1. Could you give the length gained on full extension between ARG187 and ASN89, defined as 0.36 nm per residue of separation minus the Cα-Cα distance, in nm?
2. Looking at this model, which pairs from LYS8/LYS69; LYS8/LYS130; LYS69/LYS93; LYS35/LYS130; LYS8/LYS92; LYS92/LYS130 are more than 31 angstrom apart at the alpha-carbon?
3. So for the stretch 32-119, Kirkwood radius off the Cα pairs, Stokes-Einstein at 20 °C and 1.002 mPa s: how many µm² s⁻¹?
4. At 0.36 nm per residue, minus the direct Cα-Cα distance, what do VAL74 and ILE31 gain on full extension? Give it in nm, one decimal, please.
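Bear in mind these aren't lab numbers, they're just calculated from the coordinates by the rules spelled out. Quantities reported herein were computed from a predicted structural model and do not represent experimental measurements.
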Amino acid sequence: MTCLLCDKPLHDQPTWQHFLGIQKDTSACPICFEKFERIDRIEQDDVLDSVHSLYAYNEVAREYLHQFKFMQDVALAKVFASPLRSVLNDSKKLIVPIPMHPINKIRRTFSQVDALLEAANIPYQSLLGKTTESVMGEKSRSERLAMTELFQVTADIPSNEAVYVLVDDIYTTGTTLRHAARALKQRGIHRVEAVTLFRPIREK
Ligand SMILES: [Zn+2]
């Protein structure tokens with residue numbers, strides 16, 4: 001087995017074996033993995049009851065997401081299986097991935113958020129679909145964001161009482177997550193949280 005990020009063998013050094021014993025199903029070596037900066041930033045706003053971002057969107061995170069999303073390297077989903085499972089492993093919560101736009105889905109061939117959850121063996125419910133923005137082509141992006149719904153609920157809501165946790169790869173402005181949370185809350189769900197793998201932080 002080799003590290004998915006640097007291609008070096010994973011089992012060469014005793015310290016790595018120890019590391020792999022803790023992080024059982026990680027597929028990156030400690031040297032690579034330590035370049036990801038754990039931040040565990042947790043916030044809330046008027047729509048999202050909690051947003052938990054696990055890692056800083058630093059240079060290595062940028063490279064990782066580029067390789068994962070645009071080079072379609074689906075194996076990279078395994079790198080974060082363990083940390084994602086540790087924050088999403090709660091049977092009382094329903095995990096809802098942020099869907100990708102159907103056009104992107106064709107281009108990219110797989111949904112990276114679904115792939116992250118599947119690699120971590122986290123059960124999820126695909127309740128959301130993206131709405132089409134084409135009817136509002138004359139408007140600016142900000143005008144469209146202000147007046148349209150980006151998501152619709154495309155499946156039956158299993159329970160209004162459960163806590164729903166949206167999952168996305170990166171939190172940037174929060175617009176995506178807020179729209180998704182609003183769509184769920186409009187269907188009577190009381191509490192919507194979110195977990196994202198990355199979030200940009202101010203450079204030091
Ligand atoms: Zn490595």
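1. Additional length available on full extension: 32.8 nm.
2. Check vs 31 Å cut-off fails for LYS8/LYS130; LYS35/LYS130; LYS8/LYS92.
3. Using the Kirkwood radius from Cα pairs, D works out to 148 µm²/s.
4. Extra length available between VAL74 and ILE31 comes to 13.4 nm.
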